[in-house]
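Just so you know, all these numbers are worked out from the coordinates, no wet-lab data involved. All values derive from a computational prediction rather than experimental measurement. A quick note on method: Cβ atoms are made from the backbone with ideal geometry, for glycine too, and the neighbour counts reach across all protein chains shown.
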Amino acid sequence: MNGLPRWRIAVAILILAILGFFAVLFSPIYFHNLQLQNFVAGLTQTAAGQTQSDDAVRAQVLDKARQLNLPVTADNVHVYHSQNGLRIDVRYVVRVSAPGYTVDLHFYPGAGSR
């Protein structure tokens, strides 16, 4: 190994391990948000979603978020019925704590029918 000193290789491995740790920590949250986004989009496209009350739609979104272990409350779900169809906006924050690092991840899944 004439090319690189051992300490550089060790630092590179440490950096890759840290990046892998954060990927493992954040990936499930982003994946669950994507699942909620797909659910909300599907709900706006169904005839049942179009005819349900705001409270019924909100309850479905909250139930799905609970299944996905996302911290969504009723205040985070905004349902709008208009001539153009149904619009659902969800805004919530997930706090992620790691040793020496805490971050708030802001998510805005939403969808509307046309």
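Quick rundown of the values:
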read-out	value
Trypsin sites (Lys or Arg not before Pro) lying in DSSP loop within the stretch 29-99, provided at most 15 other Cβ fall within 10 Å	91
Volume in Å³ per residue [convex hull over Cα atoms, computed for the stretch 30-112]	78 Å³
Computed over the stretch 30-112: relative contact order in percent, which uses C-alpha pairs under 8 Å that are six or more apart	31 percent
Among 13, 88, 29: highest mean-square fluctuation, GNM of the chain, C-alpha pairs under 10 Å	13
0 to 90° range, to nearest 10: angle between helix 54-67 axis and the chain longest Cα axis	30 degrees
Between 0 and 90°, nearest 10: helix 6-45 axis offset from the chain longest Cα axis	10 degrees
Residue 24 paired with residue 84, simple spin-label distance in nm, labels 7 Å along Cα-to-beta-carbon	4.5 nm
